[in-house]
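Visitor: Sharing a structure below in structure tokens format, with a few things to ask.
The values are calculated or read from the model by the stated rules, or taken from the named source; none is laboratory data. From a predicted model like this one, the values you see are computed outputs, not experimental measurements. Cβ: placed from backbone, ideal geometry, glycine included. Neighbour counts: every protein chain shown.
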Amino acid sequence: MTDMTSNPPQRSHHGRRRSLEFKVYFATIFIVALPFATVSYLRDVGALRTLNLRGPLARAWSEADRTTPFIFSA
């Protein structure tokens, strides 16, 4: 039996290579989503009366991260 604890297999250090086109689309969607995420954040802060929420930058980033691959999959 192989002992994997003393000599584990090497992981690949490079992730997905993002093309320039992907980065441009991502940045554009991020910039467009930022005002909407800010309004949504402020609405949630007012309704829930807490600051323990994901901020507008994180919300816009996740929206761009969801939308951009969807565009490239079509």
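Visitor: Can you tell me which residues in the stretch 19-66 are β-branched (Val, Ile, Thr) and modelled with pLDDT under 95?
Guide: So in the stretch 19-66, the residues β-branched (Val, Ile, Thr) come out as 24, 28-29, 31-32, 38-39, 45, 50.
Listed by number, the list holds a single entry, 50.
Visitor: Also, I was wondering about something else. Name the pairs whose Cβ atoms lie under 6 Å apart, with the first residue in the stretch 39-66 and within 30 Å of residue 22 (Cβ to Cβ), the second assigned to a helix (DSSP H, G or I) and among the charged types (D, E, K, R), and 6 or more positions between them or separate chains?
Guide: Taking only residues 6 or more apart or on different chains, the pairs are 53/44.
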